[in-house]
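Report on the structure given below.
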Amino acid sequence: MGATERPDVAAMRAYADELRQMFNRLQDEGLELHAKAKAVQVTETSPDGLVSVTVGARGELIRLDLDPRIYRRPDARALADTIAETARKAAAKAQENVMRILEPVIPADQFKAHLDGDVETVLARLADDMGGGR
């Protein structure tokens with residue numbers, strides 16, 4: 001930093017350098033990481049072992065397996081709740097796996113904020129990184 005350079009300018013330059021490095025890593029590793037992330041599949045089984053759900057990287061349902069023993073207890077609401085909860089757990093694990101794969105180029109907390117649509121956190125992080133915290 002030059003003698004006359006203000007700290008906020010230095011912080012912005014440091015942030016620009018960080019963005020440039022992130023962009024270069026994305027260019028170098030992006031396609032491979034994208035392929036790995038896109039290929040993520042997670043299978044989760046309910047605690048009673050009667051429901052098995054497989055989801056993809058975005059939590060989309062790929063496969064649903066129901067053990068025939070579910071017909072021994074004909075409770076549609078309980079079955080629906082079990083399927084939904086098992087799918088939620090599988091989707092959460094898939095999201096964690098994708099974040100772990102992309103973490104070398106996108107910090108997990110930043111990625112999670114984007115996935116959650118948490119604009120305030122994203123903007124606050126940007127402001128902090130640029131030295132102009134809120």
Exactly one of (1) among the β-branched types (Val, Ile, Thr); (2) surrounded by 14 or more Cβ atoms within 10 Å (Cβ to Cβ); (3) part of a helix (DSSP H, G or I) is unmet by residue 43. Its number?
(3)
Go through (1) surrounded by 18 or more Cβ atoms within 10 Å (Cβ to Cβ); (2) touching a residue at least 60 places away in the same chain (Cβ under 8 Å); (3) not in a helix (DSSP H, G or I) and name the single condition residue 55 misses.
(2)
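Can you pull out the residues in segment 69-109 that are under 26 Å from the mean Cα position of the chain (by Cα), surrounded by 15 or more Cβ atoms within 10 Å (Cβ to Cβ) and either in the same structural domain as residue 126 (by TED's automatic domain parsing) or among the hydrophobic types (A, V, I, L, M, F, W, C) (or both)?
Residues satisfying the conditions are 83, 87, 90, 91, 94, 98, 99, 101, 102, 105, 106.
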Scan segment 26-68 for residues that are among the acidic types (Asp, Glu) and over 22 Å from the mean Cα position of the chain (by Cα) and report the count.
3
Could you go through segment 61-73 and let me know if any residue there is basic (Lys, Arg), closer than 22 Å to residue 113 by Cα, modelled with pLDDT of 95 or more and in contact with a strand residue (DSSP E or B) (Cβ under 7 Å, 6 or more places away or on another chain).
no
Failed criterion for residue 63 (all others in (1) surrounded by fewer than 13 Cβ atoms within 10 Å (Cβ to Cβ); (2) in contact with an Asp or Glu (Cβ under 9 Å, 6 or more places away or on another chain) hold):
(2)
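The values are calculated or read from the model by the stated rules, or taken from the named source; none is laboratory data. Just so we're clear, the structure is a prediction, and the values are computed from it rather than from any experiment. Backbone-built Cβ (ideal geometry, glycine too); neighbour counts: all protein chains shown.
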